[in-house]
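Okay, structure first, notes after.
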Amino acid sequence: MSRGAPAIVILGNGSLNTARRIQQRYPQARIHGLAQRVEGADCTYSDFGATLRQLYQQDTAIIALCAAGIVIRSLAPVLLEKGAEPPVLAVAEDASAVVPLLGGLGGVNDLAREIAAHLAVAPAITTSGELRFGTCLLNPPSGYALGDLELGKRFVSDLLAGEPVRIEGDAPWLARAQLPESQQARLAIHVGSAERTPTANELLIYPRNLVARVCTPTPELAQAVRDALHAASLAWQSLACLIAEDTLMANMQVHEAAAELGVPLRFVSPGEQTLAVAGQTLAWHEADNGLALGAAPGPLDPQQIGRVRGRLAVIGLGPGAADLMVPAVKAELARANDVLGYETYVRMAGPFRDDQVLHCTDNREEMQRARHAFELAAQGRSVVVVSSGDPGVFAMAAAVLEALHASSDPQWHSVELEMLPGVSASLATAAQAGAPLGHDFCVMSLSDNLKPWSIIEKRLDLACEADLALAFYNPISRSRPWQLGVALEVVARHRTAQTPVVLGRDIGRPGQTLRVTTLGELTPEQVDMRTMVLIGSSTTCTFPRADGREWVYTPRWYGEKP
Ligand code: SAH
């Protein structure tokens, strides 16, 4: 399996024995136990559903020791695409049953067979074609592509009805399957990269043995590739990848063409020849539209051709709770080779697979971390820099751009750079209190590490004069003990003592606290560096909630009530 070790998830101590037995088979797998219920697990979780969904979205194989129904119900909200899915299995806690549930195209049946063999029981394989023929015809191994899934389903049901089949062309994995072969068969599986319209009763399977090298990109590049293949009587389905020179790494046309053709894009140095790949000789011929087509005798592994464009994503984890992390960020974490950040946040972004490299650094080394991220991405790796909340709010996104701006290295500028947003602490805190930031507001960091205190005082004074609600990040720290007190004096010059104040500490994290108070009551001792301070404007008001706490909101209107 190319993905990392599976996760074994258990709900109680009763499953620990079976979990340990499965772990003997997969020593890298970690046992995830429900907090307060399981003693001796490798790691603990508190929310079963959220944990399963996170593992699933990180493309981790899941072995859940519980009822199949619980697993299905938990994963239901995230079952989007059948194509890219990790294996998910339910195993009875007494080791008597192994049930593959999801990930048919991700090898769940193979995993079920392995586990069942290890536990000395029979796996509950339910995939008919696979049971009968020992292979899933509709899911050819990497290196081969199925012509058409719908035609394929009909073809397989004909086979299951008992018809024999002919195999035309060369596909070693089919030769190993237990297909009812006969030279006179009406049904035929045709394997080859020649362009071909399927005749009735024919299943087409294409070896991915072709490459197209782009010399001069053009706007209609994907179509140009299809045209060139067509002119050479070659099937586009057999295209394994698009190849371009390093200098085109950031070229949009090349990327769009690869995406449209659904193939990976690989880069080579300008003079670099690709005459042989992984022991196979490529036969090249020039097409007349700035393209060259290469054909290998058998399927090609694109990962063995040239290099991939590196990727750097600066992501926001949100305040801390897994369900406040946006799905795009979860997906980014799943694809990362390297994860960089302040240790606390890197831990918060986990769990990680064994193949993912963590680079934990001190919170202050921002520029150094940003440069390190570019160095890794320029090698073709998929790199993630983590921030809490949103990466663009007093966090890593600006540092990463500053590092890039200062660099003249074309490799750094060729990296695919993306910022993925998160729920910032002010917004997460505001939501819990009601809507204190419901009208115009001003976000400030009270840290004078990177800007003079006089600027902070001036901005604060003007923001108060403008009657904006205020959100203070970095309100206080051991090395900045007096600044918050001075800031509150500035605010008190403009606002009454009754002005509502919200203090959110560790919002979205274990032990979070939310406190609603007033400007008159607020003292710096109530605040620490893990606190978000929200101060109302002149229109911010409060009223009691049914549960005894208080709602805080700033109305949408200003001046005369409409
Ligand atoms: N990028 C982050 C902010 C980093 S500055 C974001 O968008 O949220 C760090 C400051 O943010 C802390 O000093 C604290 O004031 C605030 N903060 C971050 N996470 C918080 C949380 N979970 N609860 C309350 N305040 C938080």
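The values are calculated or read from the model by the stated rules, or taken from the named source; none is laboratory data. Worth saying up front: this structure is predicted, and the values here are computed from it rather than measured. Note that each Cβ is placed from the backbone with ideal geometry, even for glycine, and that neighbours are counted across all protein chains shown. All accessible areas refer to the heavy atoms of the entire protein, side chains included, with ligands and DNA or RNA removed. Shrake-Rupley method; radii C 1.70, N 1.55, O 1.52, S 1.80 Å.
Key figures for this structure:
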item: Exposure of Val263 as accessible area (Å², to 10), given a probe of 1.4 Å and all protein chains; result: 20
item: Per residue accessible area of the stretch 60-162, 1.4 Å probe, in Å²; result: 46
item: Cα lying deepest toward the dipole's positive end in the chain, options Pro327, Ser238, Ala68, charges on Cβ; result: Ala68
item: Difference of contour (0.36 nm per residue) and Cα-Cα distance, Asn201 to Lys451; result: 82.7 nm
item: Cβ-based net charge around Arg266, under 12 Å, with every Lys or Arg adding one and every Asp or Glu removing one; result: -1
item: Surface accessible to a 1.4 Å probe, Glu286 within the full protein complex, Å²; result: 140
item: Leu131-Asp148 pseudo-label distance in nm [points 7 Å out on the Cα-to-Cβ vector]; result: 2.9
item: Modelled FRET efficiency - R0 41 Å, Arg459 with Gln379, Cβ distances, 0.05 increments; result: 0.50
item: Packing rank of 191-204, 410-423, where each peptide gets the mean count of other beta carbons within 10 Å, highest leading; result: 410-423, 191-204
item: Value at 222 nm in deg cm²/dmol, rounded to 500, when DSSP H runs of n ≥ 4 in the chain each add -39,500 (n - 2.57); result: -8000 deg cm²/dmol
item: Solvent-accessible surface (1.4 angstrom probe) belonging to Phe48, in square angstrom, nearest 10; result: 30
item: Sequence of Asp506, Asp354, Asp59 from largest to smallest accessible area, 1.4 Å probe; result: Asp354, Asp59, Asp506
item: DSSP-defined antiparallel bridges as percent of all bridges, the chain, nearest 5; result: 40
item: Computed E for Ser46/Glu560 - FRET, C-beta separation, R0 60 angstrom, nearest 0.05; result: 0.80
item: Percent breakdown of C-alpha pair distances by 10 Å bin, ordered from the shortest bin, for the stretch 338-379; result: 29, 54, 17
item: Residues of the stretch 385-402 with amide N under 18 Å of the 7 Å Cα→Cβ point at Arg347; result: 386-389
item: Charge dipole (debye, nearest 20) of the stretch 210-304; +1 at Cβ of Lys and Arg, -1 at Cβ of Asp and Glu; result: 200
item: Per-residue ³J(HN,Hα) for the stretch 96-103, Karplus 6.51 cos²θ - 1.76 cosθ + 1.60, θ = phi - 60°, Hz, x for Gly and Pro; result: 8, 9, 10, 10, x, 10, 9, x
item: Three-way shape call for the stretch 311-423 based on the alpha-carbon gyration tensor, with the a/c threshold at 1.5; result: prolate
item: Label point at Gln280 placed 7 Å out along Cα→Cβ; residues across the stretch 135-150 whose backbone nitrogen lies under 17 Å; result: 140-147
item: Where Met249, Met529, Met367 fall by accessible area, highest first, once all protein chains stay in place (1.4 Å); result: Met529, Met367, Met249
item: With every protein chain in place, the chain: carbon and sulfur % of accessible area (1.4 Å); result: 51
item: Separation of the Arg478 and Gln411 label points, Cα + 7 Å toward Cβ, nm; result: 4.0
item: Electrostatic dipole magnitude of the chain [Cβ: Lys, Arg +1; Asp, Glu -1; Cα centre; debye, to 20]; result: 1140
item: Electrostatic dipole magnitude of the stretch 23-179 [Cβ: Lys, Arg +1; Asp, Glu -1; Cα centre; debye, to 20]; result: 140
item: Tensor-based shape of the stretch 426-553 (alpha-carbon gyration tensor, a/c under 1.5 rounded, otherwise prolate or oblate); result: oblate
item: The stretch 384-426 versus the stretch 156-178: alpha-carbon centroid distance in Å; result: 51
item: Positive-end residue of Phe374, Ile189, Val91, charge dipole of the chain with Cβ unit charges; result: Val91
item: Normalised per residue, the volume of the convex hull around the Cα set of the chain (Å³); result: 209
item: Net lengthening on full extension, Ala117/Gln498 (0.36 nm per residue, minus Cα-Cα); result: 130.2 nm
item: In the stretch 301-365, trypsin sites (Lys or Arg not before Pro) in a DSSP loop with at most 12 other beta-carbon atoms within 10 Å; result: Arg364
item: Chain lengthening between Asp110 and Asp301 when straightened (0.36 nm per residue, less Cα-Cα); result: 66.6 nm
item: Anisotropy class of the stretch 1-87 from Cα gyration tensor, a/c 1.5 cut; result: oblate
item: Accessible surface, per residue, of the stretch 424-473 when the full set of protein chains is kept, probe 1.4 Å, Å²; result: 43
item: Karplus 3J(HN,Hα) series, Hz, for the stretch 257-271 with 6.51 cos²θ - 1.76 cosθ + 1.60 (x for Gly, Pro); result: 5, 4, 5, 5, 7, x, 10, x, 10, 10, 10, 10, 5, x, x
